[in-house]
Structure formats: structure tokens, C-alpha cells
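So the structure is just underneath, and the comments pick up after that.
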Amino acid sequence: MDRCIVLVDAGYLLGAAASLLAGEPSRSRITVDHAALIHGLRERAEADTERPLLRIYWFDGAPDRVPQPEHRRLRVMPRVTVRLGALTRSDGRWNQKGVDAAMHAELTELARNRACSDVVLVTGDGDLLPGMMAAKEHGVAVHLWAVQAADGDYNQSEDLVAEADERRVLDRVWITKAVRAKETGGICAPPPAPRPEIAAILSAPLPEASLGTAAERPAEEPPPHAAPAAARNGVEERVPTAKGVPTPKDLAALRAPGSQPAPHPASATLRWSSDKGWVDRPGVAAEPPEVASMPTLAQLTTAEQRWADREEDITTVGGDPYEVGQVFARRWMSRLGDQGHFQKLSGMYPRIPHRIDGELLRYAARFGLLAHKDDQIDEHDRYAIRAGFWREVDVRTAAEHAQAGE
């Protein structure tokens, strides 16, 4: 068959690109436009081999072989097939398992079945040498592509380089058409504006009833670093449950009968709700009916919108926790028929009603944000997801205020 096939070791390609552009082989240091990368690989392969492309095989590792957001985007692209090996962590480093074996098996099977006349290998691992030799014995021309090494040296096996029929180097100019280094520091979107009322909550005195008598429970002052850490970078962080940090019960006791309503409800504390549910404590009222009746995104979404949401998740949503929270909030607010629900929500900061919060975390789990040890989302990612949610609420609130001012 007079056509070409491209086999890509994603760990090598993106790791070498990260070394070249960011100075270290960590893929978290780069941003990849996968559509542009696939287009560039296809265009370059057809030009080098002078054959039409049959298919690009993308070999990569994933925890428990569960497709990550980039894998879901890649596998719906035309002429792209994704093959996943395992990704394990040992001694603080991630290691791929089964990727080289899968590439070897695919290469030899394609050559044996004469599925192509030319194979392009984007890899540097010498373990693929037997597969390369077998492909050549079946009459397939093997093209070996390297990513420009950061130090000007080779980043491929010498034996692999010696055995290839043709060799090319993907230089910095070519790489930067689809890959760029991330800017150090900060997240992909601006963080929510600081909320001064949170510091007021933390500094509020605790009622005697919640602390007990001095003989029963000696007074302890909160660590001096607790309050500043709560609003670091403008994003509230979880404060450990400790003496000196008010609980919902404590705050409810602070509101004496006949007092003026607080600017934010008593439930607006730094203690987030979670997918494990909100636990009512004695003396603390349950969520008001108007809050408990807030519609979920699933209830507001039609079958046509659900299909469009899935396409957007696959093709454009990158899976960053902050971005995931923004996308969820944007959809939920745009589909609310009764804007009174939105007004109630914006006054509940920073606690998201349990029904909405649980759905938000389940939505985020689709993007590979689960910690596979216990199928829970990492605590830091939870903060980022909810911060993204509130950031979008802030944007919507600011826009409404601007319109009202006009």
C-alpha cells in the first residue's frame, strides 16, 4: 500500500518539547494545541514520504489507562487512533508502562499486513529497535523523527538512529507552531477578587456556649498565620478545623434574636460543602427551602444542549480545574429561568449549595481530576474548581451591575 503511517511516542515528543522550550521535561510546563500538532505531523509526514496519510497512532500513558482530557480530544480527531499504556508513580516520578510494547506490536503488525509503504516513528527509545528491524524486513521504509535537543546533543538511541532509513529533526520553529511554554506563576485565569468579609468571619469572637467553660476547655488562640493564609492569592483556602475557627454552629449562635441580618448568611464560612453532603449539626438550621430547591444543571439542560456540552468538553475544555468550574457555572447561569436563584446564590459565597456543589464535582471528575488512590478529587483541585465557579459568578454579577448603571 502506497501510504504512510505515523507512530508517536507522546511521552518522548512532549517531554523533549518541554525540555527544549521550558528547560525541563515536565509536560506540565507546556501548553499543547493538539489540533495544530496533529495537522503539523500529517502535513510533514506526507511531504517527507510523498505518500498520503493513512493514520496517526498516538501512544501515551494514563493512570489506570483512563483517558485524560487530551486523549479524549485526540481520539475524536480524524485519522487519529489513541493507544494508552499505564502511568505509575514511583520515587516521585511518573513512569510509563506498556507504551513501548504497544508501539512495537503495532509497528510489526502493520508491516506484516503491508498496511503501508512508509512508517514515521517519533520516538527516542531503543526498545523499539527490534520492531524497526522487523518492519524493514517486510519492505517498509522507516523514517525516524527527533525533537531538537535542548543541549544540542542527541535525545534518541544511537542504535535507533543508525537503523533508520530516513531521519529528520523537528526543530524549535516547527515545535512552537503547536507547543508553547507556560508562563511561570499564576493560573490560567484571573483569580476571584478577595472577599473582605471572610477575614471578618475569621476574626469574629466565638460564643461562650460553643467553647465551654474555661475549666472544661482552656482557651487557645488561633495560629497567627491562619487568617492571611485563608486568602492567599485572592483564593480562599481551607482552614483546618481547630479552636479559634468558627463553625456554622458558632456563627449561628452569634446572631442573637432580634439582631440585624448579617450581610452574608451564617452558612457563608470557609468550610466548603462537598460531594459527601452537608452535615447538619444540632442547633444549626438546614438549608432554606428556596436554596434546597435550586435546579441542577442536569435539570436545566435539554437533550440537544447535553450533546453540545459533550462536544465542547471533548474539543475545547482543557480540563484545568479552574477552567472546569468556570465552564460549569457559565452553563448553569445561562440556563436559569428564574434569576432569583442566581441572586440567592451570589449572596451565599463562599458555600455552594450541596446539590449544585455535588453536581459540579461529578462534572469535574469526567476530566481525569480524580485521585485514583481513593477516587476522590484532590483537595487543591477542589479549591480551584470552586474558585473558578465563583469567578464566573463574579463576572456575571459585575456585568449585571454595569448594565444597571447604564
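Only one of these is out of contact with any helix residue (DSSP H, G or I) (no Cβ under 9 Å at 6 or more places or on another chain) and either touching a residue at least 12 places away in the same chain (Cβ under 8 Å) or not polar (S, T, N, Q) (or both): 35, 45, 18. Name it. Outline the logic, then answer.
On the way: 35 fails: out of contact with any helix residue (DSSP H, G or I) (no Cβ under 9 Å at 6 or more places or on another chain); 18 fails: out of contact with any helix residue (DSSP H, G or I) (no Cβ under 9 Å at 6 or more places or on another chain).
Going through 35, 45, 18 in turn, just one is out of contact with any helix residue (DSSP H, G or I) (no Cβ under 9 Å at 6 or more places or on another chain) and either touching a residue at least 12 places away in the same chain (Cβ under 8 Å) or not polar (S, T, N, Q) (or both): 45.
Selection of the range 104-144 for residues being closer than 21 Å to residue 10 by Cβ, touching a residue at least 40 places away in the same chain (Cβ under 8 Å) and not in a helix (DSSP H, G or I) yields 116, 118, 119, 120, 121, 122, 123, 124, 125, 143.
So if I check each of 24, 43, 109, 50, which one is at pLDDT 90 or above and either within 25 Å of residue 157 (Cβ to Cβ) or assigned by TED's automatic domain parsing to the domain that holds residue 309 (or both)? Before you say what the answer is, go through the steps one by one.
Numbers: 24 fails: at pLDDT 90 or above; 43 fails: either within 25 Å of residue 157 (Cβ to Cβ) or assigned by TED's automatic domain parsing to the domain that holds residue 309 (or both); 50 fails: either within 25 Å of residue 157 (Cβ to Cβ) or assigned by TED's automatic domain parsing to the domain that holds residue 309 (or both).
Result of the check over 24, 43, 109, 50: 109.
Quick check on my filter: what residues within the range 1-42 are of a type in the set (Val, Ile, Thr) and surrounded by 23 or more Cβ atoms within 10 Å (Cβ to Cβ)?
5, 6, 8
Among the residues of the range 299-322, some residue qualifies, meaning at least one is assigned to a loop (DSSP other than H, G, I, E, B) and farther than 18 Å from residue 68 by Cα. Where residues in the range 383-406 are farther than 19 Å from residue 325 by Cα and of a type in the set (D, E, K, R), which of them is surrounded by the fewest Cβ atoms within 10 Å (Cβ to Cβ)? Looking at the filtered set, the residue picked out is 406. Within the range 147-156, is even one residue in a helix (DSSP H, G or I) and surrounded by fewer than 13 Cβ atoms within 10 Å (Cβ to Cβ)? So far as the range 147-156 goes, no, none of its residues is in a helix (DSSP H, G or I) and surrounded by fewer than 13 Cβ atoms within 10 Å (Cβ to Cβ). Considering only residues in the range 67-118 that are in contact with a Phe, Trp or Tyr (Cβ under 8 Å, 6 or more places away or on another chain), among the β-branched types (Val, Ile, Thr) and within 26 Å of residue 315 (Cβ to Cβ), the one that is surrounded by the most Cβ atoms within 10 Å (Cβ to Cβ) turns out to be 99. The set of residues in the range 27-62 being small (Gly, Ala, Ser) and over 14 Å from residue 13 (Cβ atoms) consists of 28, 35, 47, 62.
The values are calculated or read from the model by the stated rules, or taken from the named source; none is laboratory data. Since the structure is predicted, the reported quantities are computational estimates derived from the model, not experimental observations. No Cβ is skipped: glycine too gets one built from the backbone with ideal geometry, and neighbour counts run over all protein chains shown.
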